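The values are calculated or read from the model by the stated rules, or taken from the named source; none is laboratory data. The structure presented is a predicted model; accordingly, all values stated were derived computationally and were not measured. Cβ atoms come from the backbone with ideal geometry, glycine included; neighbour counts cover every protein chain shown. When the accessible area is computed, the model is the full protein with side chains, heavy atoms only, and any ligands, DNA or RNA have been set aside. Shrake-Rupley method; radii C 1.70, N 1.55, O 1.52, S 1.80 Å.
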Amino acid sequence: MSRDPYRNHNTRYHPWLLAKTPSSARTALDVGCGDGLLARKLAAHCREVVGIDADAAALAQASATDRVRFEQADFREFSGTFDYVTTVATLHHVPLEEGLAALRRLVAPGGTLAVVGLWKMTPRRDAAYLPLLPLIWAIDRYPPRPTGPDVAMRDPEETLDNIRACAAKTLPGARIRRRLMFRYTLLWQRPA
């Protein structure tokens, strides 16, 4: 059982993100960090972690530590590079190609980008996913727990096919997998 103060579709992927942290990573950036839960977890793996979020209200819930700092910023305008860049349920809030290009720029040479994103389900393209909906519903509701901070929500507009095509252009070699909870994961390493 997780010791997180809450559980939702996004925190379920924190173990995956933490497992993908490169052993050599000294710096990490969590894009769309919200209340900073993932950023604080990343501090166990990296010497310096920066969490950024454009939403001031969400960021007001974040508490810094000696290895974690938070800034209000739009990642498309943020400067610097990091050994490990993460983002969870953020990319669909901006135009996809622009967002992927901005994330690419933030990854240091030899660094890693790990994305947990949302895709727009379509009955025709995603028919095989439909039988899983009762399972997803059950996982969501049992056992009942707090669901996390109040943050801006937006439905995704890009299908998984669109995301794969855009990533192939912007992040050559990126690995994308369809996941439960209407999520996909993207993992990319910038050449050294």
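Calculated FRET efficiency, Gln72 and Lys169, Cβ-Cβ r, R0 45 Å, to nearest 0.05?
The computed FRET efficiency comes out at 0.90.
How much length, in nm to one decimal, is gained on full extension between Arg3 and Ala19, taken as 0.36 nm per residue of separation minus their Cα-Cα distance?
Between Arg3 and Ala19, full extension yields 4.1 nm more.
For the chain, calculate the relative contact order in percent as a whole number, restricting contacts to Cα pairs under 8 Å that are 6 or more residues apart.
After rounding, I find 23 percent.
With runs of 4+ DSSP H residues as the only contributors, calculate the mean residue ellipticity of the chain at 222 nm using -39,500 (n - 2.57) per run, divided by the residue total and rounded to the nearest 500.
It comes out at -6500 deg cm²/dmol, rounded to the nearest 500.
Based on the Cβ-Cβ distance of Ala138 and Ser79, what FRET efficiency does E = 1/(1 + (r/R0)^6) give at R0 = 45 Å, to the nearest 0.05?
That gives a FRET efficiency of 0.55.
Hey, rough spin-label estimate for Ala64 and Asp161, points 7 angstrom out along Cα→Cβ, what's it come to in nanometres?
Between Ala64 and Asp161, the simple spin-label model gives 4.7 nm.
Using a 10 angstrom cutoff on alpha carbons, build the Gaussian network for the chain and name the most mobile of Pro131, Pro109, Pro95.
Among Pro131, Pro109, Pro95, the largest mean-square fluctuation in the Gaussian network model of the chain belongs to Pro131.
Would you mind working out the accessible area per residue for the chain, using a 1.4 Å probe, and quoting it in Å²?
Result: 52 Å² per residue.
In the chain, what percent of the accessible surface is made up of carbon and sulfur (1.4 Å probe, ligands and nucleic acids excluded)?
Carbon plus sulfur share of accessible area: 53 percent.
Net charge near Arg175: determine it from the other residues with C-beta under 11 Å of the C-beta of Arg175, scoring Lys and Arg +1 and Asp and Glu -1.
+3
Hull surface divided by four, with the convex hull built on the Cα atoms of the chain: how many nm²?
10.6 nm²
Top mean-square fluctuation among Leu18, Leu133, Leu29, Gaussian network model of the chain, C-alpha springs under 10 Å?
Leu133
Using a ≥ b ≥ c from the Cα gyration tensor of segment 1-85 (square roots of the eigenvalues), is it rounded, prolate or oblate, where a/c under 1.5 gives rounded and otherwise the larger of a/b and b/c decides, a/b for prolate?
Here segment 1-85 falls in the oblate category.
Please give the charge dipole size of the chain, origin at the Cα centre, charges +1 on K and R Cβ atoms and -1 on D and E Cβ atoms. Round to the nearest 20 debye.
Result for the chain is approximately 820 debye, rounded to the nearest 20.
Straight-line reach only, C-alpha to C-alpha below 18 angstrom: list the aspartates and glutamates that Lys169 could link to, leaving out same-chain residues fewer than 8 apart.
Those aspartates and glutamates meeting the cut-off are Glu97, Glu98, Glu158, Asp161.
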